[in-house]
Amino acid sequence: MQNFVYYTPTKVVFGKNAEDETGALVRAQGGTKVLLHYGSGSVKRSGLLDKIIASLNSAGVAHVELGGVVPNPRLSKVYEGIALCKKEGVDFLLAVGGGSVIDSAKAIAYGLAYEGDVWDFYEGKAEPTACYPVGTVLTIAAAGSEMSNSSVITKEEGGLKRACNTDYARPRFAVMNPELTYTLPAYQTASGAADIMMHTMERYFTTEPDTQLTDALAEGLLRTVKDCALTLRDAPQDYAARANLMWASSVSHNGLTGCGTVGDWACHQLEHELGGMLDCAHGAGLAAVWPAWARYVLPTCPARFAQFAVNVMGVTPAETDTATAEKGIAAMEDFYHAIGMPATLRELGYELTDAQLDELTEKCTYFHTRTIGGFQILNEKDIRAIYAMARG
Ligand code: NZQ
Ligand code: ZN
């Protein structure tokens, strides 16, 4: 087991009507004027925005609004937010939505505490040293941004999707009412489940020994998400499944299921380029590349994949670890299909050309300057091969 630091400062307020606490939570954090940040309209249609405004008003917290955040949130919206917050004297960022809105709020929060161009942090030209406070009201179980240290932003010019990961951006609080997710389209629920599972799988696929407790937490979380996703496919308003999925979203990406392991994160790096180029839903993009990644790296440690196959996918062990592992990967593909997720890029809806695979590969290596992965280190040739296998 590796040494680790586990840091999760986010206060979680979970359950029915939790959103009524929002104004008091902002107040308790010292916020006096918030940027109310949201997406393309779901929070207006559901009436959530009005409830949040009422809660802010009753706590004596002023606000300005900025909606229009899109999935794979854009840098131009971040710049707009920074300018608005400076003009209005905003001292607290309140994200009402999913990972895209939260990540956009985090980026604005970084930008407000920095003299230079906030994109510097995303392309690794500078390191943040501060950040304005961020709070969240979550409306989709997926990205885990409500407790994570991460913000992922897409720069329109060049279609570059890049992350900035520091503890400064961990939200002060996360308001989570599972009922708020009832209105999600089935595709978004399933894509969210795929993403939640992947946040733990990226940590679980490790060659690090002696992580028994972390393995057990990870396997329990993965089985739970699998069950909830199947339940919600047939019964979208099942409260227990919505609640367990929502809590899994946070636990999967707040660090708990990676304590003592070495993270891999290759699938996320492969997907971020897909999101930047194709604007696909993040979880669906992950599902489209995972089987190819898994088959490519399986020889590095068949025993780990066999453990996953038996303990998570529930397959009967075969004669060798490799054979058990292959059954586990096939079972994962079946699960993706069962919840309406793709298992290849073709199933994701794209017939990619060789030139497009070259472009994805080049961007994924940050223009020939890096390798990716931890379970197995992947160079440019490996990355190209996995994209080609994923094409389907
Ligand atoms: O914009 P609105 O109208 O709100 O619609 C959204 C959006 O179209 C809709 N939606 C959300 N809640 C809803 C709802 N529709 C009806 N009812 C509700 N209750 O769902 C769509 C997707 O929303 P989005 O915020 O994009 O989803 P998600 O939470 O999956 O976030 C994806 C983004 O997060 C990044 C991804 O790369 C992607 O850009 N990630 C962020 C991470 C982090 N910060 O820790 C980690 C992840 O690995 C991921 O990379
Ligand atoms: Zn993810």
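Just checking, how many residues over the range 70-123 are part of a loop (DSSP other than H, G, I, E, B) and under 17 Å from Thr139 (Cα atoms)?
The number of residues fulfilling the criteria is 5.
Cβ-Cβ below 7 Å, separation at least six or inter-chain, first residue in the range 117-136 and assigned by TED's automatic domain parsing to the domain that holds Gly99, second assigned to a loop (DSSP other than H, G, I, E, B) and of a type in the set (A, V, I, L, M, F, W, C): which pairs?
If the second residue must be assigned to a loop (DSSP other than H, G, I, E, B) and of a type in the set (A, V, I, L, M, F, W, C), the pairs left are Asp120/Ala126; Ala130/Ala113; Cys131/Ala113; Tyr132/Ala113.
For Leu232, state whether it is crowded, with 24+ Cβ neighbours inside 10 Å, modelled with pLDDT of 95 or more and touching a strand residue (DSSP E or B) at 6+ places or on another chain (Cβ under 8 Å). Walk me through it before giving the result.
On the way: crowded, with 24+ Cβ neighbours inside 10 Å: yes; modelled with pLDDT of 95 or more: yes; touching a strand residue (DSSP E or B) at 6+ places or on another chain (Cβ under 8 Å): no.
Considered against the rule, which asks whether it is crowded, with 24+ Cβ neighbours inside 10 Å, modelled with pLDDT of 95 or more and touching a strand residue (DSSP E or B) at 6+ places or on another chain (Cβ under 8 Å), Leu232 comes out as no.
Taking the conditions exactly as written (aliphatic (A, V, I, L, M) and more than 10 Å from ligand 1 (Cβ to nearest atom)), does Val175 satisfy them or not?
So Val175 passes the test.
Can you spot a residue in the range 220-228 that is out of contact with any Gly (no Cβ under 6 Å at 6 or more places or on another chain), among the basic types (Lys, Arg) and in a helix (DSSP H, G or I)?
Yes, the range 220-228 contains a residue that is out of contact with any Gly (no Cβ under 6 Å at 6 or more places or on another chain), among the basic types (Lys, Arg) and in a helix (DSSP H, G or I).
Specify which of the listed residues (Leu93, Leu66, Leu75) is over 18 Å from Glu156 (Cβ atoms) and touching a helix residue (DSSP H, G or I) at 6+ places or on another chain (Cβ under 9 Å).
Leu93 is the lone residue from the list that is over 18 Å from Glu156 (Cβ atoms) and touching a helix residue (DSSP H, G or I) at 6+ places or on another chain (Cβ under 9 Å).
Go over the candidates Thr8, Thr22 one by one and state the one that is in contact with a Gly (Cβ under 7 Å, 6 or more places away or on another chain) and surrounded by 15 or more Cβ atoms within 10 Å (Cβ to Cβ).
Sole residue among the options that is in contact with a Gly (Cβ under 7 Å, 6 or more places away or on another chain) and surrounded by 15 or more Cβ atoms within 10 Å (Cβ to Cβ): Thr8.
Name every residue in the range 63-91 that is touching a Lys or Arg at 6+ places or on another chain (Cβ under 7 Å), of a type in the set (A, V, I, L, M, F, W, C) and more than 10 Å from ligand 1 (Cβ to nearest atom), in order of residue number.
Leu75, Val90
So if I check each of His268, His199, which one is surrounded by fewer than 24 Cβ atoms within 10 Å (Cβ to Cβ), assigned to a helix (DSSP H, G or I) and within 14 Å of ligand 2 (Cβ to nearest atom)?
Just a single option satisfies the conditions, and that option is His268.
Regarding the range 164-173, can at least one residue be identified that is within 14 Å of ligand 2 (Cβ to nearest atom), open to solvent by less than 10 Å² (accessible area, probe 1.4 Å), modelled with pLDDT of 95 or more and in a strand (DSSP E or B)?
No: zero hits.
Can you tell me which residue within the range 271-283, out of those that are under 21 Å from Ile140 (Cβ atoms) and in contact with a Leu (Cβ under 6 Å, 6 or more places away or on another chain), is nearest to ligand 2 (Cβ to nearest atom)?
Applying the filter and picking the extreme gives Glu271.
Look at the range 1-30 and say how many of its residues are assigned to a loop (DSSP other than H, G, I, E, B), assigned by TED's automatic domain parsing to the domain that holds Val134 and more than 19 Å from Lys106 (Cα to Cα).
The number of residues fulfilling the criteria is 3.
Return only the number of the condition from (1) open to solvent by less than 20 Å² (accessible area, probe 1.4 Å); (2) without any contact (Cβ under 8 Å) to a residue 60 or more places away in the chain; (3) under 30 Å from Gly263 (Cα atoms) that Pro73 does not satisfy.
The number of the failed condition is (2).
Only residues in the range 40-65 that are free of Cβ contacts under 8 Å to residues at least 40 places away in the same chain count as the first member; pair them with residues that are open to solvent by 80 Å² or more (accessible area, probe 1.4 Å) and part of a helix (DSSP H, G or I), Cβ under 8 angstrom, at least 6 apart or cross-chain, and list the lot.
Close Cβ pairs satisfying both conditions: Lys51/Asp20; Ser55/Asp20; Ser55/Glu21; Ala59/Arg27; Gly60/Arg27; Val61/Arg27.
Any chance you could count how many residues in the range 279-309 are surrounded by fewer than 18 Cβ atoms within 10 Å (Cβ to Cβ) and either within 16 Å of ligand 1 (Cβ to nearest atom) or among the β-branched types (Val, Ile, Thr) (or both)? Before you say what the answer is, go through the steps one by one.
Going residue by residue through the range 279-309, those that are surrounded by fewer than 18 Cβ atoms within 10 Å (Cβ to Cβ) are 279, 295, 299-303.
Imposing the further condition that a residue be either within 16 Å of ligand 1 (Cβ to nearest atom) or among the β-branched types (Val, Ile, Thr) (or both) reduces the set to 279, 300.
Qualifying residue count, the range 279-309: 2.
Kindly indicate whether Gly67 is in contact with a Pro (Cβ under 9 Å, 6 or more places away or on another chain), of a type outside the set (S, T, N, Q), surrounded by 15 or more Cβ atoms within 10 Å (Cβ to Cβ) and on the phi < 0 side of the Ramachandran plot.
Taking the combined requirement at face value, the residue does not satisfy it.
Hey, can you tell me all the residues within the range 202-217 that are surrounded by fewer than 24 Cβ atoms within 10 Å (Cβ to Cβ) and either of a type in the set (Phe, Trp, Tyr) or at negative phi (or both)?
Answer for the range 202-217, where residues must be surrounded by fewer than 24 Cβ atoms within 10 Å (Cβ to Cβ) and either of a type in the set (Phe, Trp, Tyr) or at negative phi (or both): Thr206, Thr207, Glu208, Pro209, Thr211, Gln212, Leu213, Thr214, Asp215, Ala216, Leu217.
Quick check on the range 31-49: of everything there that is in contact with a strand residue (DSSP E or B) (Cβ under 6 Å, 6 or more places away or on another chain), open to solvent by less than 10 Å² (accessible area, probe 1.4 Å) and not in a loop (DSSP other than H, G, I, E, B), which residue is nearest to ligand 1 (Cβ to nearest atom)?
Restricting to residues being in contact with a strand residue (DSSP E or B) (Cβ under 6 Å, 6 or more places away or on another chain), open to solvent by less than 10 Å² (accessible area, probe 1.4 Å) and not in a loop (DSSP other than H, G, I, E, B), the top hit is Val43.
The values are calculated or read from the model by the stated rules, or taken from the named source; none is laboratory data. Small disclaimer: the values here were computed from a predicted structure and weren't measured. Note that each Cβ is placed from the backbone with ideal geometry, even for glycine, and that neighbours are counted across all protein chains shown. Side chains included, ligands, DNA and RNA excluded: accessible areas come from the protein's heavy atoms. Shrake-Rupley method; radii C 1.70, N 1.55, O 1.52, S 1.80 Å.
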